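The values are calculated or read from the model by the stated rules, or taken from the named source; none is laboratory data. This one's a predicted model, so the numbers in the text were calculated from it and none came from an experiment. For neighbour counting, all protein chains shown are included, and Cβ atoms are generated from backbone atoms with ideal geometry for every residue, glycine included. SASA here: full protein model, heavy atoms, side chains in, ligands and nucleic acids out. Shrake-Rupley method; radii C 1.70, N 1.55, O 1.52, S 1.80 Å.
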Amino acid sequence: MNKAGMTEWAYPLAESLLSDALPRRWAHSLGVAERARTIAPVLGTDADLLEAAAVLHDIGYAPDVAKTGFHPLDGARYLREVVSADERVVRLVAHHSCSWMEADARGLRDELENEFPRENADLNDALCYCDMSTTPDGAPTNAVDRVNEIVGRYGVDSLIGTFIRRAEPEILASAARVLGRLASTPRQPM
């Protein structure tokens, strides 16, 4: 598939996997993709790549995709094995939003990291920012409120609640780095 057309295949694929089975997850994914479009000025030629990864990042929750119960790994494997997606999109999906920490808690870290090398740090930060600045319904939020929402939804003592609190400093640092890059990017005149 050609690099310029990444979003053209990513949206219909994500929609086919999420919209009927998991409509709230689909709304979230659309919101994450919208956040990706808002930070396009700092992404340069990788803007389309990030938007594709953003709309696809949660396909591992789809009933037809979920195998291990760890959605970043399931989504990345599906993209690699079933769709033959661009390897950079696959790596971003595999490692989105500090997934290595959740993989560690699930005993899947070696599997995740051996199968999927990480993408560059700026793009990992960008996808984390987009995901963690979007509510489950797709509306904008901030990373602190999003982490608190996740803990509230899953419970403080759950695997997800424990993971997200452990990941919180890195999530907030990722958001700060992206916002810093946005603030230092010259604006184009209207």
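For the stretch 5-65, the alpha-carbon radius of gyration amounts to 1.08 times the rule-of-thumb value 2.2 N^0.38 Å expected for a compact globular protein.
For the stretch 52-153, the C-alpha radius of gyration divided by 2.2 N^0.38 Å, with N the number of residues, is 1.02.
Cα centroids of the stretch 152-190 and the stretch 1-46: how far apart, whole angstrom? Computed from Cα coordinates, the inter-centre distance equals 19 Å. Working from Cα pairs under 8 Å separated by at least six residues, relative contact order for the stretch 1-116 is 22 percent. Classify the chain as rounded, prolate or oblate from the Cα gyration tensor: take a ≥ b ≥ c as the square roots of its eigenvalues, call it rounded if a/c is under 1.5, otherwise prolate when a/b beats b/c and oblate if not. Rounded shape, in that the Cα axes give a/c under 1.5. Using every pair of distinct Cα positions in the stretch 123-190, the Kirkwood expression returns a hydrodynamic radius of 12.8 angstrom. Note that the stretch 1-110 presents 40 Å² accessible area per residue, ligands and nucleic acids not counted, probe 1.4 Å.
Taking N as the number of residues in the stretch 1-105, what value does Rg over Cα atoms divided by 2.2 N^0.38 Å take?
Compared with the compact-globule rule of thumb, the stretch 1-105 sits at 0.99.
The modelled label-to-label distance between Arg165 and Ala21, using points 7 Å beyond Cα along the C-beta direction, is 3.2 nm.
Once each of the trypsin sites (Lys or Arg not before Pro) sitting in a DSSP loop with at most 16 other beta-carbon atoms within 10 Å is removed, the chain keeps 119-186 as its longest stretch. As a size descriptor, the averaged projected area of the C-alpha convex hull of the stretch 95-142 was calculated at 3.8 nm². Placing +1 on each Lys and Arg Cβ and -1 on each Asp and Glu Cβ, with no other charges, gives the chain a dipole about its Cα centre of roughly 360 debye.
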